[in-house]
Every structure is written in C-alpha cells, then in structure tokens.
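K.L.:
I have a structure here, written as structure tokens, and I will follow up with some questions on it.
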Amino acid sequence: MRVLPFLLLTSSLWSHADYQVDANLGVLTPGVVQVSGTTAAVEIDPGPPPVVIGGRNNASFARGLALVETLNWGNEFVMQFEVKEPSIISLTSITIEGDPDFFLLESLATEFDPNLSKEVATGAIGLAYLDGEPPTTETIATIRPGVYYLSVENFDGPDGNLTPGDSSFSIGISINSASRQSLAIDLGAIALTNEPFTLDTAGSAFDTAVAVYDQDGQLLTQNDNAPNSTHSLVTFDQGLPNGLYFVVLAGGDVSFGPNLVVTPGGETGDWVLNFPPNGNYPSGSEQKATASGSEDTESPIFFFTVSSPPIDWIDLGQVALVDEVFTIDTLGSDIDTVIGLFDRKGTFLTANDDISAEVLQSALTFRPGLAAGDYFLAVGGFPTVFNDGFAAFMAPEADTTESGRVVLNHPEQGGVAAKNIDIASGEQQWFRFTVVENYSEDAEIKIVSIDFDPEAQQFTVAWESDLPGPFNIHVGTAAELEAAALTPDTMLDLALSGVNSPAVVTVPPSKQGARQLFLQVAR
C-alpha cells in the first residue's frame, strides 16, 4: 500500500459552479492507495488570501444513477486521478464519520435542473455508499484509460432538510486491471427478437470496419466498406434471436478473429456508431474519439441486447400524455416492493426500491414525463433486481423474495386506478402502459393484407392501427376460434410477440394441415 499526500489545485472560496478539485492523486497504477479527508471547509493557509479546500456544495444531485429525486447531497471533497490502462475501481472504508457517499465522475460539469430545482452533476458514472461497518468494500466502476474524479459528498437527506452537516473519511482506493471486454459500452436493448435492424458508422472521420459477435465470442458477420462509402454497414434482415451481442469498431483493413480479437494497426479518430434508438439512446448513436496506442483504445467495443417481451402482462392502457408529469407507486402493498421500468425493446431504464427509509414501498415519478410509446413495468418483492432484455429476477445473493399482496397505483385518463395482485416469492408481475400524444377512445387494429406461403408454412400479415406497437399475433383453428368467441378477451395461441406491421408468422407444427386457420393481431 502506498499513501499519497494531497496536492492542492484550487484556492477559491465556495461558489455555486462546476466541481473544483481539492486534491490530485496523480496516476494510479494497480494496487491500493489510502486517502483521507473531510467534506468540511479546511483552511490550509491563512494567506492572504486564505487557501481553503473542501466545504463546497456545487451539486446536490447526480444524474444517471437512478437516485431518489427528493434526496440531496451537500458539501463535497473532490479528488482527481488518472489511470493508464483499463481498470476496475473499488473502495474500502477504513474510518467513516458522518454519512459520506462516494461519486465517481468522468467530468466536473454541473448544471441546474429546472425540474428538480437543484444543481446536478452531469458526469457521474458510479456510486459507492460504504454504509456498513468498516472495513466495507464496494466496486464503483470499470473505467477506460483517462482522467477521473472521486467526489466524497455529505448526504444531506430529503428535500427540506435545514441542517446539513459534514463527513470525514479514510478509505483505500483499489486499482485492478480490467479486460477489454469488460470495457464494452452498453447500448441497451436495441431490437426485439427477429426484428430487422442495421448498424453503421456513418459520420465517422476515418475508414472503419465493424464486426458483430454473439455472447460466446463467435464472429457472426463483419463489414469493411458500405456501398460507395468507407464507412461500415451491417444489416440483419431477419433480426437476431434474443440474447447478448458484441460489436467491435476498428479502422479499415483490419482482420477480426474469434473472441473479439482485432489485428492492430487500424486507423483511429472520431468514430460514430449508429443503431436503433431506445430509451437510453433516443438519438440512436454513440460517438467518441480514439487515439493511436493500445488495442483497447483503437477498437471500441459495444454490447447490446435483443429481447422478447414478457408473454404475460397486465395492460394499464393509456396512463399519461407526452411530457406529462406522473407517478406510479405501490403504496398500500403488504410487502416491501421493488419496481423497474423498461422501454418497448427491453432496455432497462430505471428502478426504485424504497420511497424512503420509513416507507418500504416503491414509486417512480416521471418528470417531465416520458416520450410517446409503450413501456413495461416489473414489480417484485425485495430483493428483485433488473437488467436489459426484460430481465427481472431475485438478487443472486438472496434465498427468497418477499411475497404477498401488492397494490399498483397508476394514472389513467380522468383519474387514478389501482391493481391488486398477489406475488409469490421469487416471482414478478409485469405491466404494460402507453404514453400518448392524445388520448384515443376508439383506436382499433385493422388487417389490410395477408398472404400465405404453403411451402414455408408462413403467413405475411400487415395491419394498420392508431395504437402504438408492439403487437402480438395469435393463430388458431376454426374450433379454437369458436371456443374463444364464447369467452370475452380470450386469445388464440400466441405465435409471435412484440412485432410491428408487417410480420411473417410461421404456422406452429401442431396446426399445420388444418383446413382453416385464423390470425388475430392484438396489443
């Protein structure tokens, strides 16, 4: 272990602006560095002018970390450091006084958020609480080579707290080498199962090449130059099966091997990767600059999810208009709940466990609302966790989740509604809701064409609807259709889920050879 002294970088008094660095830890290499300090203002030189470190409150909140919006962080002490290779950053508490929390930042930028009415950090990429009895260790992030900042922030509590305090800390910062694959940029869920999509590098400043791999590292496809371009284009006309996939972007004329291996020497510069937009990337693109040097900086790696929507959900209907503030919560439930939100493609957007330390039910408040479209909500007992691809499951370290009656309160046109359900241990209940431009009372689904290929045993069906997708397609025999007609809301057997018009439906083997078949398109 080596202990580094703090190197003063700033001497200004408190001001409401971007973060300011109080100490420079220099370049951190694999090993452990012990640091200590306080969030309170400390005069280290009486001057004149006096030199003060700490004691500033330049941001009360951090964007992008799924924090409860009514909570606040006060005075901070900011440390700068640099890593020269891909690294896993972990923190271990030695002594803790007060309630400090540890935010990892990739920039010092802050801005005022008018919806939260508070100054927020815009560069936060990781958070460690270290709330257990020392020594407590938490991994805060895996990072690329570059300059980063660790801001130790005093937790001030909920909105309205008039007695903020300060915290003192002594911690060890552990640096461990990371693999290239662990640095992959998460694009979220970009497509549904068998939904066509493309990836391209249009807008990049150099001749590119891209390759797509499955989660086992098997090379699926690659492209150097798109037609009439030095940029790259990969098209999946039939989509992909649900699962996790990797993309490697490199300079032109490189060779791609198994397990994401790229021959060195490709061009570098400003790159752009374009892909289908989702809730985390509404623009549908990610862009950064690379520089010549190590392989990990020359060839950025990404991963994305192709997912299938949950089969069984409760439809909440149209709950809000675009950009309308609304809340969905589980107040009134008998158990400690957790709720998670996904977009229509399965990108995990946000979650909430407890409304407060005293209220163990969950709430999601959308301010200033959501974009138009379908969303999925999963509700489970504590400790349920979530991930891309409509993943909702019991936390790996748990033996069981809480079970019992759950109340889901949600807005609907003209008021508020509640759903009462029973959730068993280890299970989750799914809901779907829609955010619309304008409420529609009489939206319908109209099939406009249908063709059948007897050799392939496939229907191609197209439809029109005022409702947003995705849709489900059901198929059944004449007898099954007659039976379904006798029971309201009964569906035929599910043949395809989460699709938009037009769609190709393969007849299930059990129904091939039937004299008549019926297709049913539904939301």
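K.L.:
Can you pull out the residues in the range 364-392 that are more than 17 Å from the chain's Cα centre (by Cα) and farther than 20 Å from Gly317 by Cβ?
P.N.:
Within the range 364-392, Arg367, Pro368, Gly380, Gly381, Phe382, Pro383 meet the criteria.
K.L.:
Which condition number does Val261 fail, the rest of (1) in contact with a Ser or Thr (Cβ under 9 Å, 6 or more places away or on another chain); (2) more than 23 Å from Val212 (Cβ to Cβ); (3) free of Cβ contacts under 8 Å to residues at least 12 places away in the same chain being met?
P.N.:
For Val261, the failing item is (2).
K.L.:
Here's something else I'd like to know. Please find, within the range 296-335, the residue that is surrounded by the fewest Cβ atoms within 10 Å (Cβ to Cβ) out of those that are among the acidic types (Asp, Glu) and in a strand (DSSP E or B).
P.N.:
Filtering the range 296-335 for residues that are among the acidic types (Asp, Glu) and in a strand (DSSP E or B), the one surrounded by the fewest Cβ atoms within 10 Å (Cβ to Cβ) comes out as Asp315.
K.L.:
Which members of the range 37-69 meet the condition of being of a type in the set (Val, Ile, Thr) and either over 20 Å from Gly157 (Cα atoms) or touching an Asp or Glu at 6+ places or on another chain (Cβ under 8 Å) (or both)?
P.N.:
Thr38, Thr39, Val42, Ile44, Val51, Val52, Ile53
K.L.:
For the range 341-356, how many residues are of a type outside the set (A, V, I, L, M), more than 20 Å from Val499 (Cα to Cα) and part of a loop (DSSP other than H, G, I, E, B)?
P.N.:
Adding up the residues that qualify gives 3.
K.L.:
Condition first: under 21 Å from Thr70 (Cα atoms) and either among the aliphatic types (A, V, I, L, M) or within 21 Å of the chain's Cα centre (by Cα) (or both). Now tell me which residues in the range 93-104 satisfy that.
P.N.:
Phe102, Phe103, Leu104
K.L.:
Would you be able to tell me the number of residues in the range 211-229 that are buried (at least 16 other Cβ atoms within 10 Å of the Cβ) and farther than 20 Å from Pro241 by Cβ?
P.N.:
3
K.L.:
Further, regarding this structure: Can you name the residue in the range 238-260 that is outside any strand (DSSP E or B) and under 26 Å from the mean Cα position of the chain (by Cα) and, of all such residues, is farthest from Ser299 (Cα to Cα)?
P.N.:
Gln238
K.L.:
In addition: Please state which one of Val359, Val338 is of a type outside the set (D, E, K, R), part of a strand (DSSP E or B) and either over 24 Å from Val436 (Cβ atoms) or at pLDDT below 95 (or both).
P.N.:
Val338
K.L.:
Ok, one more. For the structure I just gave you, tell me whether Asp270 is loosely packed, with under 15 Cβ neighbours inside 10 Å and either closer than 24 Å to Asn387 by Cα or more than 25 Å from the chain's Cα centre (by Cα) (or both).
P.N.:
No: the conditions fail for Asp270.
K.L.:
How many residues does the range 211-246 hold that are under 21 Å from Gln287 (Cβ atoms) and in contact (Cβ under 8 Å) with a residue 60 or more places away in the chain?
P.N.:
2
K.L.:
Under 6 Å between Cβ atoms, at least 6 apart or on separate chains: pull out the pairs that start in the range 85-107 with a residue that is of a type in the set (D, E, K, R) and end on any residue that is outside any loop (DSSP other than H, G, I, E, B) and at pLDDT below 95.
P.N.:
Taking only residues 6 or more apart or on different chains, the pairs are Glu106/Ile125.
K.L.:
Please note which strands (runs of 3 or more DSSP E) are completely contained in the range 375-474 and include at least 2 residues that are at pLDDT 90 or above, hydroxyl-bearing (Ser, Thr, Tyr) and in the same structural domain as Lys345 (by TED's automatic domain parsing).
P.N.:
none
K.L.:
Continuing with this model, one more query. Please report, ordered by residue number, the strands (runs of 3 or more DSSP E) entirely within the range 152-220 with at least 2 residues that are over 30 Å from Gln80 (Cα atoms).
P.N.:
185-192, 197-200, 208-214
K.L.:
Turning to a different aspect of this structure: Could you list, in sequence order, the residues of the range 198-210 that are surrounded by fewer than 18 Cβ atoms within 10 Å (Cβ to Cβ) and within 29 Å of Leu496 (Cβ to Cβ)?
P.N.:
Correct list: Thr198 only.
K.L.:
Now for a separate question. Here's a check for you: in the range 130-147, which residue that is in contact with a Pro (Cβ under 9 Å, 6 or more places away or on another chain) and surrounded by fewer than 19 Cβ atoms within 10 Å (Cβ to Cβ) is nearest to Val68 (Cα to Cα)?
P.N.:
Thr142
K.L.:
Moving on to the next point. Test Arg344 against the criterion of being at pLDDT below 90 and either among the charged types (D, E, K, R) or in the same structural domain as Pro282 (by TED's automatic domain parsing) (or both), and give yes or no.
P.N.:
Criteria not met by Arg344.
The values are calculated or read from the model by the stated rules, or taken from the named source; none is laboratory data. Source: prediction; values computed, not measured. Cβ atoms come from the backbone with ideal geometry, glycine included; neighbour counts cover every protein chain shown.
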